[in-house]
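Reading through the structure tokens given below for one structure.
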Amino acid sequence: MLIREAVDEGIHRNRLSKRLDPDAWVDYNEGTRPAMRYDRIVRVARELVDLAVESDPRLSWQLSSNRRSTEILLDPFVAVRVKLGKANRGGRTANYPTERQLFIRDPRNWACVGQTVLPFRTDQPQIETTNRIWLTARYDLDELEENVTEVEIGVEHQTGWVWRVPLPEAELDVIARVSPQVADLISDLRNRRGIA
């Protein structure tokens, strides 16, 4: 639920920025605009996670080793990354093939495949990339890239998805059962976006 709210609010902030300065917006290149959207989404995600930690101390976020992406963690073993996907690519996300991205999307490294024994070690002071189940939270936008058309979460490999399910917008009373502080913030964010 936190990731869905972060995507909705981040895209809303991006849309506002575009409308406040449309002349500057056209000067941004095809690489800058997606990065700006992503930065807005993960900024909201980090804010929501920081509030939710009071209710669930297993939640946290961290920057990737290259400090370019934010990972939402449900410790000790689950990590979620937020990525833009496109319907015309079968919902697949784009990833620059770094060693780390190749590892995350390599089926041989998944701890959640079939009857594989989970290689997790709980004696580690800090869990490494190799000991996490990596989920991808994928969002897609309309043609003008101003509105969210869908948000899903699942396990993605190099050529497609193992599984994925929609991430619907949660009701505020459901969020409040998990964290009243997060529900209050989400209520404020939705009110500013004009969603009651």
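With a 10 Å radius around each residue's Cβ, average the other Cβ atoms per peptide and rank 12-22, 40-50, highest first. Show your work: numbers first, answer last.
On the way: 12-22: 15.1, 40-50: 20.7.
Ranking, from highest mean packing down: 40-50, 12-22.
Quick one: Debye curve from the C-alpha atoms of segment 1-88, no solvent, what's log10 I(q)/I(0) at q = 0.11 Å⁻¹?
Each listed q corresponds, in turn, to -0.35.
Every number here is computed from the coordinates shown, using simple stated rules; none is lab data. This is a predicted model, so every value here is computed, not measured. FYI the Cβ positions are ideal-geometry reconstructions off the backbone, even for glycines, and counts take in every protein chain you see.
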